[in-house]
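Below you'll find the structure, written out as structure tokens, and then a few comments.
Each value in this text was obtained by applying a stated rule to the coordinates, not by laboratory testing. Just so it is clear, the structure is predicted and the values come from calculations on it, not from any experiment. Note that we place each Cβ from the backbone using ideal geometry, even for glycine, and neighbour counts take in every protein chain shown.
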Amino acid sequence: MALIEKSDIYTVGFDLIDNDHADFIGLLNQLEAAGNAEFPALFQELFEHTEQHFGHENQLMTQFAYAGEIEHKGEHQRVLGEFKQFKTRVDKGMIVFGRSFVRERLPQWFGLHVTTMDSALAAYINSQT
Ligand SMILES: [Fe+2]
Ligand SMILES: [Fe+2]
């Protein structure tokens, strides 16, 4: 069963962000279905994808002089830090920690972040263009 269905994705209405989110969900669901042998490499891939995804949004915030920039960037930084701690554990073979992060923490965080910070950012950009 997929952790998040593609149809459940809250569309923010800005393609670059929506495409990153669709890819994030795809990788998350792949991880859920992955065996232990393939889990670490996919976990690494999701980590790198998340760095890029946050980088795209951070760049947009700077480009459009977004008022919520500090708060939103700070949240990205915080989540990447958390992600990194789990990646360290997965790299040491503690895959069970990575699985719980992928099953519980990430989907919960993602749903909240997209419907609040990311949707606010997209609405602002769309009002400026
Ligand atoms: Fe996002
Ligand atoms: Fe974001």
Flag for Thr50 being surrounded by 12 or more Cβ atoms within 10 Å (Cβ to Cβ), within 21 Å of Gly111 (Cβ to Cβ), over 12 Å from the mean Cα position of the chain (by Cα) and among the β-branched types (Val, Ile, Thr): no
Residues satisfying the stated conditions in the stretch 78-115, i.e. surrounded by 14 or more Cβ atoms within 10 Å (Cβ to Cβ), away from ligand 1 (no atom under 11 Å from the Cβ) and within 16 Å of Tyr10 (Cβ to Cβ): Leu106, Pro107, Gly111
Qualifying position, being of a type in the set (Asp, Glu), within 27 Å of Tyr124 (Cα to Cα), free of Cβ contacts under 8 Å to residues at least 40 places away in the same chain and within 13 Å of ligand 2 (Cβ to nearest atom), among Asp20, Asp15: Asp20
Restricting the stretch 1-25 to residues that are of a type outside the set (Ser, Thr, Tyr) and farther than 28 Å from Glu71 by Cβ, the residue that is surrounded by the most Cβ atoms within 10 Å (Cβ to Cβ): Ala2
Residue in the stretch 39-57 that is polar (S, T, N, Q), within 14 Å of ligand 1 (Cβ to nearest atom) and within 23 Å of Ile4 (Cβ to Cβ) present: yes
